[in-house]
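Have a look at the structure below before the remarks.
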Amino acid sequence: MVVHRSVKRDSREPTPEAQLRSYIDRLDPKNQKLIRSVRAAVRKRVPTANELAYDYNRSFVIGYSPTDRGIDSIVAIATRATGVSLYFSQGPQLSDPKRMLLGSGKQTRFIQVEAASQLAHPDVEALIAATIDQVRIPLPAKGKGRLIIKSTAAKKRPRRRRTK
């Protein structure tokens, strides 16, 4: 017999939603609005995926995964000073006849997002659908994913400077 115990969260510890809100609040107002609307659009498209939030000090990423592992993410929203991007896992294998995908990495490709309405464009929707079709671990058929804060910049050690 397996006994599941719920771990009580320290009431002084911010909720995952509050932590993510603090990441978003660091952005300029235009990008705050954009990331919130893009997040809502992606959440609507993949409601059973877990949202995995990673804070990298000057940027943050929200991956959408069927598990609690970032490597299993299907798509991810990345924010930087240059704006908001939507990353597609297995991007190099995706059919991209309109040449919308940017980047040259082995795992992902991305598009710059100027407005959440871009995600509803048939070409972008086709990329999202193709990405979902290629995943190793399928999304759950029902239920709702949860927000998981995976890492924070405060926990990261400072980078060592290279010596010459």
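The values are calculated or read from the model by the stated rules, or taken from the named source; none is laboratory data. For clarity, every value in this text was computed on a predicted model and none was experimentally measured. All Cβ positions, glycine included, derive from the backbone under ideal geometry; neighbour counts span all protein chains shown. Protein only, heavy atoms only, side chains kept; ligands, DNA and RNA dropped before computing areas. Shrake-Rupley method; radii C 1.70, N 1.55, O 1.52, S 1.80 Å.
Measuring with a 1.4 angstrom probe and ignoring ligands and nucleic acids, Tyr54 comes out at about 50 Å² accessible. Computed extension gain for Asp123 through Gln107, at 0.36 nm per residue and net of the alpha carbon distance, reaches 3.7 nm. For the chain, carbon and sulfur atoms together expose 52% of the accessible surface, with a 1.4 angstrom probe and every protein chain in place.
When each of the peptides 68-81, 136-149 is scored by how many other beta carbons lie within 10 Å of its residues on average, the order from highest to lowest is 68-81, 136-149.
Beta bridges per DSSP, both residues in region 50-156: antiparallel share near 85 percent.
Dividing the convex hull volume of the alpha-carbon atoms in the chain by its residue count gives 178 Å³ per residue.
Extension gain, Leu147-Ala18: 0.36 nm per intervening residue step, less the Cα-Cα distance, totals 45.4 nm.
Residues in the chain average 69 Å² of solvent-accessible surface per residue, probe 1.4 Å, ligands and nucleic acids excluded. Ignoring everything except DSSP H segments at least 4 long, calculate the 222 nm mean residue ellipticity for the chain; use -39,500 (n - 2.57) per segment, divide by total residues, nearest 500. One gets -8000 deg cm²/dmol as the mean residue ellipticity at 222 nm.
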